[in-house]
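Structure first, commentary second.
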Amino acid sequence: MSTSVEFMLPVLNEERDLPPNAARLHEHLSSSLSAYDWRILVVDNGSTDGTRQAAEELSREYERLGYMRLEQRGRGRALRRAWLESDADILTYMDVDLSTGLDAFPPLVRAIGEESFDLAIGSRLMKGSVVKKRTLKREVTSRTYNLIIKTMFFTRFSDAQCGFKAISRQAAQYLIPRIQDQGWFFDSELLILAEKGGFRIKEVPVEWVDDPDSRVRVIKTATDDLKGLLRLRLGGLSKVLKPTDA
C-alpha cells in the first residue's frame with residue numbers, strides 16, 4: 001500500500017484564486033507524486049464570499065479534492081481540525097496563492113515518507129532559495145522575527161512563517177493538542193515545540209514570489225507573534241516532552 005498524503009489549502013474569501021490555483025496544484029501533483037496516494041482538502045474557515053460554492057464545484061470536478069467548512073476564522077484553527085481528523089500518513093499545507101514554487105513539494109514529502117523526518121518546511125531564508133518581488137518591509141520583518149526566535153529559543157530552523165509545511169501524522173497527533181494559538185502564530189509554535197520536543201525537522205529551499213494581494217496585516221501579525229513568543233518563553237514549553245518520554 002502506498003503512503004498517503006493530504007494537501008491542505010486553508011482559505012478565507014478566496015473565490016477568485018481558489019479555482020485556478022487548486023486546478024494547478026492538482027495537475028502538478030498528478031505528474032510529480034504518482035508514487036503516493038495523494039488528495040487535496042480545501043479548508044474554508046469562515047469565508048463570506050463565493051469560496052464555498054467554488055470549493056464544492058471543484059470537489060465535484062476532481063475526485064481527489066475534498067472540502068471542509070469551519071465557521072470560525074483562524075489559520076491555526078483550520079489546520080488543527082484538518083490535521084487531527086485526517087487519516088493520511090503525511091499531512092501538508094500551503095497558502096492558496098501558491099507563492100511557493102510547487103517543485104519543492106516532492107522533496108518536502110520525501111523528507112517525511114522516505115527520509116524519516118517528522119516535519120519538513122519550506123525556507124525562503126536558506127541557501128538555494130529564490131525570493132522574488134518581496135518588499136523591503138516584509139523582508140526586514142521576516143528576518144528580524146526569525147532572529148528573535150533563534151535568540152529566545154536557540155532554534156536551528158531558519159524560516160518559521162513560510163506557508164509550506166509537512167508533518168507526519170504521528171508527530172501531528174502528539175504536537176497539535178499542545179499548541180495554544182489558533183491564528184498565524186500556529187506555525188511558529190508548532191516548530192518551536194517540535195524542536196524542543198526532539199522531533200526531526202528538515203528545511204527545503206524554495207522559490208517564492210511575494211503576493212501583492214496578501215491579506216496578512218504585517219504589523220498586527222508581528223505583534224501577535226511576539227506575544228506568542230513571550231508566552232512560550234515564560235512557561236509555554238513546560239508541557240513538551242521528548243517523544244521517547246511521552
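The values are calculated or read from the model by the stated rules, or taken from the named source; none is laboratory data. Keep in mind that what you see is a predicted model, and the values were worked out from it rather than measured. When we count neighbours, we look across all protein chains shown, and the Cβ atoms used for this are built from the backbone with ideal geometry, even at glycine. Quick note on the areas: whole protein, heavy atoms, side chains included, nothing else; ligands and nucleic acids left out. Shrake-Rupley method; radii C 1.70, N 1.55, O 1.52, S 1.80 Å.
Quick notes on this structure:
- Highest mobility in the GNM of the chain, judged by mean-square fluctuation with C-alpha springs under 10 Å and restricted to A78, A104, A120, is found for A104.
- Using a probe radius of 1.4 angstrom, the carbon and sulfur fraction of the accessible surface of region 106-201 is 54%.
- For the chain, excluding the exposed loop sites themselves (GluC sites (Glu not before Pro), DSSP loop, at most 10 other Cβ atoms within 10 Å), the longest remaining stretch covers 72-246.
- Compactness of region 1-140 was expressed as the Cα radius of gyration divided by 2.2 N^0.38 Å, which yields 1.06.
- For the chain, the 222 nm mean residue ellipticity estimated from helices alone, with every DSSP H stretch of n ≥ 4 adding -39500 (n - 2.57) and the total spread over all residues, rounds to -12000 deg cm²/dmol.
- Inter-site label distance for V140 and H28 at 7 Å from Cα along Cβ, in nm: 3.1 nm
- Contact order relative to length of the chain, as percent, for alpha carbon pairs under 8 angstrom and 6 or more apart: 22 percent
- The apolar share of the surface of region 5-53, taken as the fraction of accessible area on carbon and sulfur atoms (1.4 Å probe, ligands and nucleic acids excluded), comes to 45 percent.
- Estimated inter-spin distance, E114 and K132, nm [label 7 Å along Cα→Cβ]: 2.7 nm
- Above-threshold pairs, the threshold being 23 Å between Cα atoms, out of K127/K202; K132/K196; K137/K227: K132/K196
- Global form of the chain, assessed from the alpha-carbon gyration tensor, a/c cut-off 1.5: rounded
- A 1.4 Å probe run over the protein chains yields, for region 69-181, 44 Å² of accessible area per residue, whole-number rounding.
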